[in-house]
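Asks: Got a structure here, written out as structure tokens. Questions coming.
The values are calculated or read from the model by the stated rules, or taken from the named source; none is laboratory data. Predicted model only: the values in this text are computed from it and were never measured. When we count neighbours, we look across all protein chains shown, and the Cβ atoms used for this are built from the backbone with ideal geometry, even at glycine. Accessible surface is based on the protein model in full, side chains and every heavy atom, while ligands, DNA and RNA are left aside. Shrake-Rupley method; radii C 1.70, N 1.55, O 1.52, S 1.80 Å.
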Amino acid sequence: MTDLAKYGPWAVIAGGSEGVGAEFARMLAEDGFNLVLLARKPGPLEETAHRCRSLGVQVRTLAVDLVDGASTARIAEVTADLEVGVLIYNAGANTCSERFLDAPLADFQKVVDLNVTRMMELVQHFGRPMAARRRGGILLVGSLAGYAGSMRHTVYGGVKAYGRLFAESLWLELREFGVDVLELVLGVTRTPAMQRAGLNFDAPGMLINDPAEVAREGLDHLASGPVHIAGGNADRAARNSAPDRAAVVLRSDAAIRSLIDQRGQQ
């Protein structure tokens, strides 16, 4: 259970419409948090909002594309009258999975904007009043993709590696102000987005996690930062942190190839 008295009364969830984000929303609503849900698609966003309102909490929604540079200002306007005690940044998709030389830099810039720029803007915007109040929680959703390089993840893997170091450093800076910071590192998770991507969840030896289970782990470990590796993936993260980087990268690439349909992508 997430302590409403410690953090409350409002939680902002970026990427809060489906999958892990929707589970964060449901669990926080059950604990009495009012919610601001942010996502690109209005339909799933309103469905999740309706489910959370049925639990007796207030819910505001904003259909917004976080790649858009104006999105932070829109979010700030929607939440200007609220005391936000929890920020969850769960918006971190790989919007360009081409080989690095094959796509325009502008497409890769969107990956950076979504996973780095908007995250930093929202953390600073909501983190400053949390520090002033000397309470709050910031949960950033990361990925095992940030532990080893891989083909078609040249930029995405880099921004996920940045996210972990950002969370660790932020944890050091904000702990003296009573603000908890956690990066929740996810492995392969059976979310609607991953299902739409056509991942092979039956790949041999692949550990597949459930959205509700990893969301629960994140909220339970919010005060135990700076990093929690969810879903039993800690051993894999340790292996992918080994010093023989060539061996790590080749092994990781083989696992990813078994997960992703490689037809026509050689």
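Asks: Relative contact order of the chain, please, whole-number percent, based on alpha carbon pairs below 8 angstrom and at least 6 residues apart. Present the calculation step by step, with values, prior to reporting the outcome.
Replies: Details: 494 pairs, mean separation 46.7, N = 266.
Over the chain, the number comes to 18 percent.
Asks: Over the chain, with a Gaussian network built from C-alpha contacts below 10 Å, which listed residue (Arg74, Arg118, Arg216) shows the highest mean-square fluctuation?
Replies: For the chain, modelled as a Gaussian network with Cα springs under 10 Å, the answer is Arg74.
Asks: Rolling a 1.4 Å sphere over the protein heavy atoms, what is the accessible area per residue of the stretch 105-146, to the nearest Å²? Kindly include the intermediate steps, with their values, before the conclusion.
Replies: Numbers: 1660 Å² over 42 residues.
Using a 1.4 Å probe on heavy atoms only, each residue of the stretch 105-146 averages 40 Å².
Asks: Quick one: Debye curve from the alpha-carbon atoms of the chain only, equal weights, vacuum; give me log10 I(q)/I(0) at q = 0.07, 0.10, 0.12, 0.16 Å⁻¹ to two decimals.
Replies: Result of the Debye calculation: -0.23, -0.48, -0.70, -1.25.
Asks: Working from the alpha-carbon coordinates of the stretch 1-88, get Rg over Rh, Rh being the Kirkwood radius. Before the final figure, lay out the partial values.
Replies: Values: Rg = 11.9 Å, Rh = 12.7 Å.
When Rh is taken as the Kirkwood radius, the ratio is 0.94.
Asks: Further, regarding this structure: Report the full-extension gain for the segment Arg53 to Leu4: residue separation times 0.36 nm, less the Cα-Cα distance, to one decimal in nm. Display every interim value, and only then the final one.
Replies: Working: separation 49, 0.36 × 49 = 17.64 nm, distance 1.68 nm.
The Arg53-Leu4 span can extend by a further 16.0 nm.
Asks: Using alpha carbons only, how many angstrom separate the centre of the stretch 88-118 from the centre of the stretch 15-31?
Replies: 24 Å
Asks: Taking the alpha carbon gyration tensor of the stretch 31-72, what are the square roots of 5 times its eigenvalues, largest first, to the nearest whole Å? Each step should come with its number before you reach the end.
Replies: Values: eigenvalues 94, 25, 6 Å².
Working from the Cα gyration tensor, I get semi-axes of 22, 11, 5 Å.
Asks: Then there's this: What residue among Ala212, Ala11, Ala106 has the largest mean-square fluctuation in a Gaussian network model of the chain, using Cα springs under 10 Å?
Replies: Ala106
Asks: Show the residues, 5+ positions off or on another chain, whose built amide H is closer than 5 Å to the amide H of Asp180.
Replies: Residues meeting the criterion, in which the H sits 1.01 Å from N, are Gly136, Gly137, Ile138.
Asks: Mind pulling up the Rg/Rh value for the stretch 81-140? Radius of gyration and Kirkwood radius, both on Cα. Can you show the working numbers first?
Replies: On the way: Rg = 15.2 Å, Rh = 13.1 Å.
Reported Rg/Rh, Kirkwood definition of Rh: 1.16.
Asks: Something else about it: Could you tell me what % of all Cα pairs in the stretch 76-194 have separations over 16 Å? Walk me through the numbers on the way to the answer.
Replies: Working: 4356 of 7021 pairs.
Across the stretch 76-194, Cα pairs with separations above 16 Å total 62 percent.
Asks: Quote the FRET efficiency, to the nearest 0.05, computed for Gln109 versus Ala70 with a Förster distance R0 of 25 Å and r equal to the Cβ-Cβ distance. If you can, show how the numbers build up before the last one.
Replies: Details: r = 16 Å, r/R0 = 0.62.
Once the sixth-power term is evaluated, E becomes 0.95.
Asks: Another one. Relative to the longest principal Cα axis of the chain, at what angle does helix 19-30 sit, 0 to 90 degrees, rounded to 10?
Replies: 20 degrees
Asks: Measure off 7 Å from each Cα along the Cα-to-Cβ vector at Leu250 and Arg175, then give the distance between these two points in nanometres to one decimal.
Replies: Each label point is offset 7 Å from its Cα along the Cβ direction, giving 3.9 nm.
Asks: Let me ask another. What percentage of the solvent-accessible surface of the chain, computed with a 1.4 Å probe over protein heavy atoms, is contributed by carbon and sulfur atoms?
Replies: Values: 6590 of 12200 Å².
In the chain, the share of accessible area belonging to carbon and sulfur is 54 percent.
Asks: Of the residues Val123, Val112, Val78, which exhibits the maximal mean-square fluctuation in a Gaussian network model of the chain defined by a 10 Å Cα contact cut-off?
Replies: Val78
Asks: With a 1.4 Å probe and all protein chains left in place, how much accessible area per residue does the stretch 38-80 have, in Å²?
Replies: Numbers: 2320 Å² over 43 residues.
Per-residue accessible area for the stretch 38-80 comes out at 54 Å².
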